[in-house]
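Inspection log for the structure reproduced underneath, given as structure tokens.
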Amino acid sequence: MKLKKNFSGLHDETKEPQDRMFVLVVIVAMAALVLITIVGVILGESTEDLLILGLSFPVFGVFTMLAFKYDKVQFFAKLAGALLILVIMPMTFITSGGMNGGAPMWFIFVALFVSLIIIGKMRWVLLGILMLVICGCYYIQYYHPELMTPHTEEMAFKDSLISVLMITLLLCLLVRYEILILKEAYRRAEEQRKEIDELNKSQSKFFSSMSHEIRTPINTIIGLNEMILRENISDEVAEDANNVRSASKILLHLINDILDMSKFESGKMELTPGNYDIGKMISEIVGMFWMRTKEKGLEFHVDVDPDLPMELYGDEVRIEQILINVLNNAIKYTMEGSVKLSIQYRRLDEKRCQIIYSVTDTGIGIKKESIPYLFTAFKRIDENENKHIEGTGLGLSIVKQLVELMNGTISVNSVYTKGTTFIITIPQEIAGDEKVRIGKVDIEKNNEEKRHLAYHSRFEAPEARILAVDDNASNLLVLTKLLKATGMNIDTVQSGRQALEKTMVNEYDLIFLDHMMPEMNGIECFHAIKSQVGGVNRDTKVVILTANADSESKAMYVREGFDGYLVKPTSGEKLEKECMRLLPKDMVHAVYTDDSIVEESMSWLKDHDRKEEVLISADSVADISADLIKKYNISIIRHKLITTEGIFTDGKEIESEGLISYMTKSGNIAQNMAPSVEDFESYFAKLLTKANNIIHISISGKVTDSAYSAAAEASKAFDNVTVIDSKHLSSGQALMVLEACQMVKEGLSVDEIRKRLESSWKNFSTSFVVRDLEYMEKAGQVDGGILSITRALMVRPVLTMKKGKITVGKLFFGSQENSWRKYIASELRFTQNIDKKLLFVTYVGMSQKDLDIVKEEIEKRATFERIIFQKASPVIALNCGPGTFGLLYKKKN
């Protein structure tokens, strides 16, 4: 019974394929063992061979039962494989004629068993051992044939034939069974796919229905609230009404997020691009959030590039959705300080540009380890710490997917407890040459003015007659009130049947029609009106006014023949614009334009803070001349020096001469203190207020007290910070920095610059000839005994950077001046391989006379376009000492 139960696993689809294959192989193998044993007796095989075969049967039977009893199939499969390879097969080979029998073919069966049944590294280990065992068996037969049990020619023939037939049958069974397993897996996958499709359809239907049902009451709230704002009301009521409007719009966007997640999961999300006014879009977004920031005691700043075109081509709704989600997040997680929205413009060519949106807050920030999960749907980071903050966990996931759908990028830079910056880059087409008319916005002042703006109807049309059809009385009330000031005659009905009764006897200039109505829906009513026998509205323009907000619905309405499409909740402005567009022109009398709004926006204009696209940064030990730092706007983070008299900032509070003077006094020591991870995080965060991307070129990570590790660790908190190990120090590092600056000037992307720099370190030469090893001995880098020997022999070592490490390249003997000449001659021996645009001569503790000698020797051997004599930073001087200088240059490719 147990054996039958174990073998039933052959058809158990819940088991792993390897486990099921193990059952099949055991069944076939045990049957084969019985058959081979019987045949062996008939053929007169050796007693040893028959004994091995006979014992194998119960052993494998026990292994099989134990494997399924204790659910340890892989363990016993590995044990069986090892037994076959190390014991059974070698003994069978020796006792059954070796290569003159069937044993060699059974090695193939063992290899197949291991490959199909065993998983993981042990598979390859056992296969490797099997190869060695095969080689060993053939070696024994060739060099020690006396150890083999011989086969007669007849027995060898029969044994080989039977083995070939059985292995062929076994292979056919295994391959056939493997195909069967694959078919079963494919069938299950298809069933699961159909279930998922059905689930997605049900989910989409549910979300769409939910969106429709929620939009209807929101339409009433927003519409009636707009009517309140149009009245002559007190400041307090106006403030409350504005809060209701902002909250309603944010609620609407939350509903859209849920609907959009459903679309992304089903692969049905589409963009709907068109021309839009980016200034108006920004104003709308600002109006939604300024009150929320005020209530939380936060400052809200908006900075818009004055070169930004006013009219762009793209999906305005989706871009607005992205910004609302990111701003909403920033305000939620900021308890004090400020939130800033910055919009930058970067032209790509005549018709294309990049719009860069940055949202910066001074909130709680994001832990480095949480950043990879930031854009995961339904997941909120630091759940315990942020449990008091409301949210669905959908916003940023949708933002990332929308940005990628637009071929844009989103990155996050954050220092935990200090704040976060999101940078969103979206390519857009330029639709007009006129520049946007907003800059830095004084949010509170602007919105105080907007709050009390008197409402003006854009037109009057007292002769026009329109019909509104909706099964919800509240929606009809809202539409009637929003269009009341236009003077139009408005009829309302609550069903398609009532609408047909009206259209039979009354001629309308425009019809607004809801879609989801009982008995007769909006589409059916539309076609009935168009085909109504005796009806007087067959040519009347019809606008669908619906809560179905997805692009599929819009496309459907276009196919059905509607003249317009408005989504609930709508506004008085949108209703009026649709009426002006579709009503007969002779009926419409324009009474108000948007010119005054444009004029108001001019009062917002202030200076724009323009960010660099890429900023290059380096350590203070890079030894770059001040004029080059200024020319290329290079940012520097400074090391510090720890002395017995205090801690001093490298190159600011202490210079190399002061350090050398301090070090000459007996017992005085100094130590380099590289910036910490926290120092770099604050430094990078500050730089990102000036640039969209930072490339920090660090001193070699392999030198003592390098800042590379700290910089690399800090960069994990910033998507827009790239840290590169220069594998050099001093002005060798500076040459690499200048190379990066040139790439930025050429307009290369961050990724292109990174790739070039990571492979270009080999093109630079960094070396120094030092007076002696005294300062390296003080820094603990060499033994005092070595210092004594080098001084006695007047050895002048040359320190060279090799693959990021400081090594002793050459040794010169004799006077210091003589060693200088030898060093210069050695470095400039092959001038044809040197890029002669720039040479750094970086030195420590040398007089002008000394430098003149060095310059004279250089000019004898090569002509450079520019030679910069650069005083080394105190940190470099700490390790080299006075009388040190180096020639640092770029090699030709």
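The values are calculated or read from the model by the stated rules, or taken from the named source; none is laboratory data. Predicted model only: the values in this text are computed from it and were never measured. Please note: Cβ atoms are built from the backbone with ideal geometry, for glycine as well, and neighbour counts cover all protein chains shown. Ligands, DNA and RNA are excluded from the accessible area calculation, which covers all protein heavy atoms including side chains. Shrake-Rupley method; radii C 1.70, N 1.55, O 1.52, S 1.80 Å.
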Difference of contour (0.36 nm per residue) and Cα-Cα distance, Leu748 to Met794: 11.6 nm
Per residue, how much accessible surface does the stretch 520-576 expose to a 1.4 Å probe? Answer in Å², no decimals. 41
Given 83-89, 881-887, 333-339, the highest-first ranking by average Cβ count within 10 Å works out to 881-887, 83-89, 333-339
What is the sum of charges, Lys and Arg at +1 and Asp and Glu at -1, for the other residues whose Cβ falls under 9 Å from the Cβ of Cys353? +2
Taking 7 Å along the Cα-to-C-beta vector as the label spot, tell me the Leu405-Glu434 distance in nanometres, rounded to one decimal. 3.0
Checking the a/c ratio against 1.5 first, then a/b against b/c, what shape does the Cα gyration tensor give for the stretch 283-369? prolate
Which entries of Lys332/Lys367; Lys690/Lys890; Lys530/Lys574 show an alpha-carbon separation above 27 angstrom in the structure shown? Lys690/Lys890
Going by amide H atoms built from the backbone, whose H comes under 5 Å of the H on Lys810, apart from near neighbours? Val798
Please work out how much length the chain gains when fully extended from Ile233 to Thr149, using 0.36 nm per residue of separation minus the C-alpha to C-alpha distance, in nm with one decimal. 19.0 nm
Theoretical FRET efficiency, 1/(1+(r/R0)^6), r = Cβ-Cβ of Lys69 and Ala189, R0 30 Å, to 0.05: 0.45
Accessible area of the stretch 84-165 with a 1.4 Å probe: how many percent of it is carbon plus sulfur? 75
What whole-number value in Å² describes the accessible area per residue of the stretch 56-199 for a 1.4 Å probe? 59
On a straight-distance basis, which lysines could pair with Lys183 in a cross-link, Cα separation under 29 angstrom, same-chain partners fewer than 8 positions away excluded? Lys2, Lys4, Lys5, Lys15, Lys69, Lys72, Lys78, Lys121, Lys194, Lys201
Estimated FRET transfer efficiency when R0 is 22 angstrom, pair Ser661-Lys802 (beta carbons, to 0.05): 0.10
From the backbone phi of the stretch 150-162, what are the Karplus-calculated ³J(HN,Hα) couplings (6.51 cos²θ - 1.76 cosθ + 1.60, θ = phi - 60°) in whole Hz, Gly and Pro given as x? x, 10, 6, 4, 5, 5, 4, 5, 5, 4, 5, 4, 4
What list of ³J(HN,Hα) couplings, whole Hz, do you get for the stretch 561-573 from phi and the Karplus terms 6.51, -1.76, 1.60, once you set θ to phi - 60° and write x for glycine and proline? x, 5, 8, x, 9, 10, 9, 7, x, 9, 10, x, 4
If ligands, DNA and RNA are left out, what is the accessible area of His527 with a 1.4 Å probe, given in Å² to the nearest 10? 80
Karplus-derived 3J(HN,Hα) from phi for the stretch 113-128 (6.51 cos²θ - 1.76 cosθ + 1.60, θ = phi - 60°), whole Hz, x at Gly and Pro, runs 4, 5, 5, 7, 9, 8, 10, x, 5, 4, 4, 6, 5, 5, 5, x
Checked against a 18 Å limit on the C-alpha separation, the offending pairs among Lys481/Lys568; Lys837/Lys891; Lys484/Lys577; Lys368/Lys418; Lys340/Lys400; Lys611/Lys686 are Lys340/Lys400
If you take the beta carbon distance between Glu336 and Thr649 as r and set R0 to 25 Å, what does 1/(1 + (r/R0)^6) give as a FRET efficiency, to the nearest 0.05? 0.25
Excluding ligands and nucleic acids, what accessible area in Å² is computed for Lys249 using a 1.4 Å probe, to the nearest 10? 50
Amide H of Ala707: which non-local residues (sequence gap of 5 or more, or other chain) have their own amide H closer than 5 Å, using H built in the peptide plane? Ile699
Please state the shape class of the stretch 843-893: rounded when a/c is under 1.5, otherwise prolate if a/b exceeds b/c and oblate if not, all from the C-alpha gyration tensor. oblate
Taking H as built 1.01 Å from N, whose amide H comes closer than 5 Å to the amide H of Lys435, not counting residues under 5 places away? Met310
From highest to lowest solvent-accessible area (probe 1.4 Å; ligands, DNA and RNA excluded), His301, His728, His253 read His301, His253, His728
Once the piece of chain linking Arg610 and Leu112 is laid out straight, how much longer is it, given 0.36 nm per residue of separation minus the C-alpha distance between them? 172.6 nm
Counting only protein heavy atoms with a 1.4 Å probe and every protein chain in place, the carbon and sulfur fraction of the accessible surface of the stretch 783-893 in whole percent equals 52
Solvent exposure of the stretch 830-886 as accessible area per residue, Å², 1.4 Å probe: 44
